[in-house]
Every structure is written in structure tokens, then in C-alpha cells.
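Bear in mind that the values in this text are calculations on the coordinates, not laboratory data. Everything numeric in this text was worked out from a predicted model, so none of it was measured. Backbone-built Cβ (ideal geometry, glycine too); neighbour counts: all protein chains shown.
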Amino acid sequence: MKYLVVLVGVWLLSGQAWGKYTFPEGMPVKSRSEEIASYQMREYDKDKDGKLSLEEYESRFDNLTREDRRNIRRNKKNGTYKTPEEQFKEMDKDKDGFVDEQERAEYIRKLRDNENYLY
């Protein structure tokens, strides 16, 4: 049994299974921000129309987790806190009154780039 483990280890290190993984062509690759936005759209979009209204976005704040409350306190202390309305207006780039998944992903990416680690 010990020799089998050694042989498998040698095979893995020989380059047979050591190659870099590449995604198949045509397969969409999502960033972390896009994955989070996709999940949040499924959770918050109550009427399933593919976009968030201000009311749908504000309903997210009805059931905050302990981590959400801690992040809000930290942002208030740092002076970076924005109300849900302010956040929604900042996300709504095309000013149509709705936020789609791409706008949400861009907002999340912006927060991460500014080292506001809510996500």
C-alpha cells in the first residue's frame, strides 16, 4: 500500500496531472463580484423580473446578519456609511430606477477596489 501511494505521488509530480487548468472555450467565467451579484439578484428580486427596484433593495435591510450590522457600524465609524437609498442611486448607472445584475456587480467591484470589504 505504501508503494502505491509513492507511485501515485510520483505520477502527480511527473507533470501528468500538474498542468494548468483552462476553461473550455465558450464557457463563461464569472468574477467574484459577478458571482455575488448573481446570488443577490436571485435572493432580492422578489418579482423575478431580472432587476431590483428600490423597494426590493431596501427589503434586504429588514433581516441583517450580525456581520452586516458590524460592517454598518464600522462604516459609520469610518465615515463611509451610505444609506440604502444612497447606495441604490450610486448603483443605478443608467438612472432608470432599477439595478440590474451588471450594475450590482460593478458596485460590488468598486467597493472591493476601495478596500471597503463588505463582500
What FRET efficiency comes out for Tyr81 versus Thr22 if R0 is 35 angstrom and r is the Cβ-Cβ distance? Round to the nearest 0.05. 0.25
Whole-Å distance, taken between Cα centres, linking region 64-119 and region 28-57: 13
The Kirkwood hydrodynamic radius of region 30-113, taken as the inverse of the mean 1/r over all distinct Cα pairs, in Å, comes to 13.3
Per 0.36 nm of contour for each residue apart, how much would the distance between Leu111 and Lys89 grow if the chain were fully extended, relative to their Cα-Cα spacing? 6.5 nm
